[in-house]
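J.: This structure is in structure tokens; I'll ask about it shortly.
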Amino acid sequence: MVGVPGTGLTRLGLKLLAEPSRVAPVVALDTRGWISPLAAWETGVLSERLVVVRCDDFILWPKVTSALFEGIRDDYGEVPARAKDQDLRRLAALARVRRVAVAMRPMGGGLPSGIAHLRLRALGVTWEGADMGHGKLKKRRLMLEASGKGVAGMPRRFEVEDEGTDTMRVVSDVVVDRVRRPVG
């Protein structure tokens, strides 16, 4: 998951943990100190099954992550900006062996090629309701591009709508033209 802060990718990453939290513990690996358990609970993650681990040290981060892979099945993990490619490749291999579902969010740059089965890139976000830091969020629409093996090598663009509840949905019948405007 690649994109600038504020586009809703953290919320989307936490939402990916909601369903797996119904059957087993899940982990949110936080490198910025921003992930709030309340935000995860609002996306539907069960409070008794959520573990938030904070680790901003790029040297310790691979060790912490590999230790987490020993005891969990699902992980949303922020990747520190200075993480090494070889560590990321080793962790991806370990996740495959341990059958851990991992959503990685690099905080600087991207991920090395060959790691991601599905790559989600935030193209833009629109907000409705909150104005100049005040008011209630009525709706947020996040434009994403999916690429990689998970879409058979054919990049696809789609929109995810979020009304601030624990429901996020893909907006149907949305096509994006070359200048990234929704049409149709």
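The values are calculated or read from the model by the stated rules, or taken from the named source; none is laboratory data. Worth saying up front: this structure is predicted, and the values here are computed from it rather than measured. All Cβ positions, glycine included, derive from the backbone under ideal geometry; neighbour counts span all protein chains shown. Note: accessible area is taken over every heavy atom of the protein model, side chains too, but ligands, DNA and RNA are not part of it. Shrake-Rupley method; radii C 1.70, N 1.55, O 1.52, S 1.80 Å.
J.: When the accessible area of the stretch 1-130 is split by element with a 1.4 Å probe, what percent falls to carbon and sulfur?
T.: So the carbon and sulfur contribution to the accessible surface is 56 percent.
J.: Sticking with this structure for a sec: Which ³J(HN,Hα) values in Hz, rounded to whole numbers, follow from the phi angles of the stretch 107-120 under the Karplus curve 6.51 cos²θ - 1.76 cosθ + 1.60, where θ = phi - 60° and Gly and Pro get x?
T.: Values, residue by residue: 8, x, x, x, 9, x, 5, x, 8, 7, 6, 9, 10, 10 Hz.
J.: While we're on this one: For the stretch 28-59, run through the chymotrypsin sites (Phe, Trp or Tyr not before Pro) and keep only the ones in DSSP coil with at most 15 other Cβ atoms within 10 Å of their Cβ.
T.: The qualifying sites are Trp34.
J.: Which aspartates and glutamates, if any, have their Cα less than 14 Å from the Cα of Lys138, not counting same-chain residues under 8 positions apart?
T.: Straight-line reach from Lys138, under 14 Å: Glu128, Glu161, Asp162, Glu163, Asp166.
J.: Further question on the same structure: Quick one: putting +1 on the C-beta of Lys and Arg, -1 on the C-beta of Asp and Glu, what dipole do you get for the chain around its Cα centre, in Debye to the nearest 20?
T.: Approximately 540 debye in magnitude.
J.: In the stretch 99-123, whose amide N lies under 15 Å from the spot 7 Å out along Cα-to-Cβ of Val170? List them in ranges.
T.: Output list for this probe position: 118-121.
J.: Not counting the cut sites, what is the longest span of the chain without GluC sites (Glu not before Pro) that DSSP labels loop and that have at most 15 other Cβ atoms within 10 Å?
T.: Answer - 71-162.
J.: Which loop-located trypsin sites (Lys or Arg not before Pro) does the stretch 32-74 contain, where loop means any DSSP state but H, G, I, E or B and the Cβ has at most 14 other Cβ atoms within 10 Å?
T.: In loop regions of the stretch 32-74 (DSSP not H, G, I, E or B), the sparsely surrounded trypsin sites (Lys or Arg not before Pro) are Arg32.
J.: Considering only DSSP beta bridges where both residues belong to the chain, give the percentage that are antiparallel (nearest 5).
T.: Here the share of antiparallel DSSP bridges comes out near 60 percent.
J.: State, to one decimal in nm, how far the label point of Leu94 lies from the label point of Ala130, with both points 7 Å from Cα in the Cβ direction.
T.: Distance between the two pseudo-spin positions: 3.5 nm.
J.: Next up: Give me the one-decimal nm value for the distance between modelled label points at Ser66 and Trp41, 7 Å along each residue's Cα-to-Cβ direction.
T.: Those two pseudo-labels are separated by 3.5 nm.
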